[in-house]
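Scroll down for the structure; my scribbles are underneath it.
Taken together, the values in this text are just the output of simple stated rules run on the coordinates, not laboratory data. Remember, it's a predicted structure, so these values are computed and weren't measured experimentally. Virtual Cβ from ideal backbone geometry, glycine too; neighbours counted across all protein chains shown.
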Amino acid sequence: MTLKEWRRVIEEALSKASIDNVHQEAKWLLTGALGYESSFIVLKPTYTPSETEINKIKVWLARRLQGEPLSRIKGVREFWSLPFQLNEHTLDPRPESEVLVEGVLKWIDNGPLDPWRILDLGTGSGCLLISLLHELPHATGMGIDLIDGALSIAQFNAALNKIESRARFQKGNWGETLEGQFDIIICNPPYIPLRDKDRLEKNVLQFDPSLALFGGEDGLDCYRILSKDIKRLLSPNGIAVLEMGYGQRNEIESLFKSAGYEILFILKDLAGIERGIGVK
Ligand code: GLN
């Protein structure tokens, strides 16, 4: 079978499994499995994959049909148009988290501070910190995570995106053992309420590490810790930008207000959901 024919077969299988966006997915799956640029399929539609390549396509397709996201199968995800390697210890970066990067960049546009010192709490794949360091060539950053397996992949991603000389990664429980001050603190804490666990999509539960997802019974445990931890870590003009979940804005806002913070801005994602909060 040619690539073009394989694409059709894959599209059919994906749509039978009720997977969306089958045309693109089939293209990504096919070229990903074969290790080609996605233009290859358009340029060489009559290419016939070898026996080994066919086996690879079949394995990838079987995994995708089980609900595994393509980014996990590939082991790499694009975030802020940069490549990020993933492993079983890291959350698969979500496109909506890009609003945090945007929010920080917008805010500092009118600020006088440079070079920025950035702290990323619960860095995971390092996507937030690395994207910011990529945009701010004079900034330096520190990524904290509880899990060694996440720290090593974040370090790898820093090198992959050529900002490793400005980034350090360190094991820690939020800001607990940290000293010093930072101009920008970013954090995408686990915020899904445990009580919503049963309603979560199967592939999220199955493929994302639960430590990266759940924030206690009401989802707000980490914000309680952060509202205590980050104050002493913020420089006098520093800001913290945190991601939040659907419908959590009011509770998070009042939590930070009563801990003595000023609310600077709220960030909405592309779906119009209040997704980020800026505080100082
Ligand atoms: N900072 C990483 C991200 O935004 C990991 C966040 C997490 O594991 N909750 O994807």
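The table for this structure:
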quantity: Odd one out for LEU70, checked against (1) closer than 23 Å to ASP145 by Cβ; (2) more than 14 Å from the ligand (Cβ to nearest atom); calculated: (1)
quantity: Of residues in region 164-213 being among the hydrophobic types (A, V, I, L, M, F, W, C) and free of Cβ contacts under 8 Å to residues at least 40 places away in the same chain, the one nearest to the ligand (Cβ to nearest atom); calculated: VAL204
quantity: Elements of type helices (runs of 4 or more DSSP H) in region 188-280, at least 3 residues being within 28 Å of TRP116 (Cα to Cα); calculated: 221-229, 249-258
quantity: Matching residues in region 161-179 - criterion: being under 13 Å from LEU133 (Cα atoms) and either among the β-branched types (Val, Ile, Thr) or out of contact with any Leu (no Cβ under 7 Å at 6 or more places or on another chain) (or both); calculated: LYS162, ILE163, GLU164, SER165, ARG168
quantity: Number of the condition not met by LEU211 [criteria: (1) within 19 Å of GLY124 (Cβ to Cβ); (2) in contact with a Lys or Arg (Cβ under 9 Å, 6 or more places away or on another chain)]; calculated: (2)
quantity: Strands (runs of 3 or more DSSP E) within region 63-124 that include 2 or more residues free of Cβ contacts under 8 Å to residues at least 60 places away in the same chain and crowded, with 16+ Cβ neighbours inside 10 Å; calculated: 76-79
